[in-house]
Amino acid sequence: MRFPRYLCCVLVALAVLPLACAAQNQQAGAPYDASIEATFLQQCNDANKVPDQRALQVSVCKCALLGVEKAYTQQEFVLIDAALANGTAPPRGMLTIMNACVDQVLGHRKT
């Protein structure tokens with residue numbers, strides 16, 4: 001089972017839009033500020049309220065946060081947030097991360 005493409009876009013957009021924090025220069029793979037992480041997880045979980053699937057949803061969102069942190073510096077993430085606020089679609093890489101997390105959590109990950 002995969003999230004519909006539009007749902008992934010909504011999830012990513014809602015997860016990053018509220019994050020108007022000052023960016024720090026970091027390397028990809030470094031954790032973001034705690035406030036950014038907390039907002040990402042809250043918005044991700046709120047954006048995808050699937051009845052009877054809360055535990056899976058939380059796992060997908062945690063996986064997505066780790067994937068985004070590995071792929072994008074905090075500064076890049078804040079720039080993506082600004083672009084999304086201006087109506088730009090999320091980067092393809094974010095959608096790839098979300099789909100990979102859905103596959104991993106639901107056990108459809110190819111090994």
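Figures for the structure shown
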| read-out | value |
| --- | --- |
| The stretch 51-96, residues that are among the acidic types (D, E), closer than 16 Å to T39 by Cα and either modelled with pLDDT of 90 or more or in contact with a Cys (Cβ under 6 Å, 6 or more places away or on another chain) (or both) | E69 |
| Residue match in the stretch 95-111 (condition: within 22 Å of A28 (Cα to Cα), touching an Asp or Glu at 6+ places or on another chain (Cβ under 9 Å) and touching a residue at least 40 places away in the same chain (Cβ under 8 Å)) | no |
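The values are calculated or read from the model by the stated rules, or taken from the named source; none is laboratory data. Just so you know, these numbers come straight off a predicted model, no measurement behind them. No Cβ is skipped: glycine too gets one built from the backbone with ideal geometry, and neighbour counts run over all protein chains shown.
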